[in-house]
Amino acid sequence: MFFLRISVFFLIACLATSVRAADVVVVQQTHHTGWAIHVGSTNVAGVQFAAEELQKYLCKISGSNLPITTTNLRWSEIFVGLRKDLDWADRWQLPSKKDGYDGYAISIREGAIIIAGDNGPGCVYGVYDFLEHLGCRWFYPTIDSRDPEVVPKLKVVSLAATNWAVASPIQNRICNGDAWFFEMNFKSAKAELDWAMKNRYNAMGWQAAVSTGKRTLQEQYEDLRLAGILGELERRGMFIHGPAHSFDHFLRSSLYFDKHPEWFGMKNGKRVPQAGLGAQFCWSNPEARREFVRNAEAFITNAPLIKIFCTVPFDGGVACDCPECRKEGASNLLMLLMSELIERLERSRPDVQVETVGGYGAVPDPPSNLSIIHPRQRIVWAQWGRHHGIGYDDPKYDRRNLDKWRAAAKGGLTICQYYTDNFAEPWVMGPFTKAMESDRRYFLKHNVNAVYMLMYSPGYWWNHSLNGYLAGRCFYDTTINSRNEISDYATHYFGTNAGPALAKYYGEWADNIELSYRVRGDARNEDRAMLAREREELIDPAIEAAHKSSSIERRRVAKVAMLHSLAEQLCELHRQRDLVRARRIAGNFEAATRMLNKVRATTEDTLKLFLKIAKTDQGLIDENEVRGFITMAMNNWINEEEKAIKEKDRKPPMWLDRDLSKTDVKPDDPK
Ligand SMILES: [Zn+2]
């Protein structure tokens, strides 16, 4: 690629009206006119895949299929490979390497485009960045076949001559897609890993199924291979973080409990298995630890794609309560167990990093004695059910537990984020950009080297993907401001007709994140007023505008409109609840009962709406959750209120922070 040569093709291209003189044209009217993709080090995972992705999407964009070649054409070529593959003349065209991980540099000039990764994944990200400059976007995994990726159709593929470089200060960006939990959905899992890579994650989180199921851990890993998942990860240069909650697999109750009950945890004076309502095994028992380490090693030496071996006590189990365990303390014993595992793996899997949990479940606090922690010990820290109104670097955030565990995590800290969780987070959620910006400052300030995005549960995949998209990109390229990405999202995804109204809509939800939480549990007059105004000014006009667009864009706008309707319905339910409470607190029990009867009907309507949205199967609401805990939570409240009215109890709820008698009353409310 000698940069002083003049391209005849380039001169012709300059005559086209849609092309500026400084633009580099790759395709004109479906003809690639001699351009080809020159692929570099194909022995490095990610490079060949990057070239194929470029070929695939350029073809979708323009209809032109550029050949892939390993020959250096020196002219009319898009080079896709590693920086080290280039000779000095081409390297000279690139901006200097950005400090960080999985970086790349791009140079666009006449006759030659260079996409050079610092490593394999960096090469793939470089191709995606290049395609994004042409208008491609990957906001959602391709699970809804009627809602495809955003790929523009262009007669002329051209880019302004320029160059730039990017790299991530955060080494590990882990996406725990919702299909990667327990009994995996392999088809969705593939769509999610593809989407994750496009949004700059470099690893997938895997939560294996529990040991009481049909498959051993090793069999589950082999299932990933047979389903083609491991192959898809390898092509991209991705790795696995996991298998997460898995202690029960390495000391299986079915294998050992009868023979060695003393290896298992004590609960209420009895040894119990590692399952369900049982307890963690007896971490102070050296024989039990030895067997655990032996089994863990047998697994991990046969699971090479796991590069962060994150193994965590089984979910929900308390620590062993035997006198010895109580004396030593659960955190100290967990760190001892992990040290033994790390030392064992130093010979058999020297490349693997070992991680366990902190601040969660059986180990809420770090060990009292930090010297017990192995220098290579990684910790994954999680605050389940976190409120995203306040980020980690906000002075109002209580950082004590996080800071303590960060000091304890000598081999590195992974912070588990719940931006993409619908189990504890709101059903209708705004973009968590406030938390993202603040959290990222904390990551950068303290060199936290892994972010872990937990997506749960599966029925919400569309609902939480926007936050997953924003977080993936912003934790990779820390110069991007997540709040500024919202209008890019709206215009690309909903189209130029409906996009502007929905950009404003999502912006308002991002700026008033409390609204999302109150819509879930405790909306007030101003929230209802806001939703009504948004209905009138933004949602209805967006629906109207989408009629001028394609059926795809109409379908997308309809998803937002459905969730907005759900938000309105929930807020109306809260209004009626507040009136029940206001009347009861005022001692007007008969009027409270009349209102409660209305609430019963509204609750049923709300559950019906939840179910209707879930049944569209577009990843908005999870049907299992509607039938399970959502129904339960809604009815529990009615039962409690009914009891309070019967007992003529005038006590306000403990959390009450406002005067309920100010709640709006509607003409058709019972008196
Ligand atoms: Zn014990």
Selection from the range 251-276 of residues among the basic types (Lys, Arg) and within 13 Å of the ligand (Cβ to nearest atom) yields Lys267, Lys270, Arg271
In the range 277-322, anything in a strand (DSSP E or B), within 13 Å of the ligand (Cβ to nearest atom) and surrounded by fewer than 24 Cβ atoms within 10 Å (Cβ to Cβ) is listed as Val318
In the range 36-72, anything touching a residue at least 12 places away in the same chain (Cβ under 8 Å), farther than 21 Å from Asp90 by Cα and not in a loop (DSSP other than H, G, I, E, B) is listed as Phe49, Glu52, Glu53, Gln55, Tyr57, Leu58, Lys60, Ile61, Ser62
Note: among Asp668, Asp649, just one is assigned to a loop (DSSP other than H, G, I, E, B), within 21 Å of Leu531 (Cβ to Cβ) and more than 35 Å from the chain's Cα centre (by Cα), namely Asp668
Over the range 485-494, the set of residues buried (at least 17 other Cβ atoms within 10 Å of the Cβ), under 24 Å from Ser551 (Cα atoms) and free of Cβ contacts under 8 Å to residues at least 60 places away in the same chain is Ile486, Ala490, Thr491
Original post:
Quick one: would you say Lys612 is outside the structural domain of Ser145 (by TED's automatic domain parsing) and either assigned to a helix (DSSP H, G or I) or of a type in the set (Gly, Ala, Ser) (or both)?
Top reply: yes
Residue set Pro653, Pro667; condition under 22 Å from Ala523 (Cα atoms) and surrounded by 13 or more Cβ atoms within 10 Å (Cβ to Cβ); output residue Pro653
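Results for (1) buried (at least 24 other Cβ atoms within 10 Å of the Cβ); (2) in a helix (DSSP H, G or I); (3) touching a residue at least 60 places away in the same chain (Cβ under 8 Å); (4) not assigned by TED's automatic domain parsing to the domain that holds Gly103, shown as yes or no for each residue.
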residue: Phe423; (1), (2), (3), (4): no, no, yes, yes
residue: Trp427; (1), (2), (3), (4): no, no, yes, yes
residue: Ala435; (1), (2), (3), (4): yes, yes, yes, yes
residue: Asp439; (1), (2), (3), (4): yes, yes, no, yes
residue: Tyr452; (1), (2), (3), (4): yes, no, yes, yes
residue: Gly459; (1), (2), (3), (4): no, yes, yes, yes
residue: Gly468; (1), (2), (3), (4): yes, yes, yes, yes
residue: Gly472; (1), (2), (3), (4): yes, yes, yes, yes
Flagged pairs (Cβ under 6 angstrom, 6 or more apart or on separate chains; first in the range 375-398, not assigned by TED's automatic domain parsing to the domain that holds Tyr456; second modelled with pLDDT of 95 or more and among the charged types (D, E, K, R)) are none
Cβ pairs under 6 Å, 6+ apart or interchain, first in the range 266-284 and at pLDDT 95 or above, second β-branched (Val, Ile, Thr) and within 12 Å of the ligand (Cβ to nearest atom), ordered by first then second residue, are Ala279/Val272; Ala279/Val318
Flagged in the range 323-360 as within 15 Å of Ser246 (Cβ to Cβ) and within 16 Å of the ligand (Cβ to nearest atom), in numbering order, are Leu334, Leu337
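The values are calculated or read from the model by the stated rules, or taken from the named source; none is laboratory data. In this text the structure is predicted, and so the values were computed from the model without any measurement. Reconstructed Cβ throughout: ideal geometry from the backbone, glycine too, with neighbour counts over all protein chains shown.
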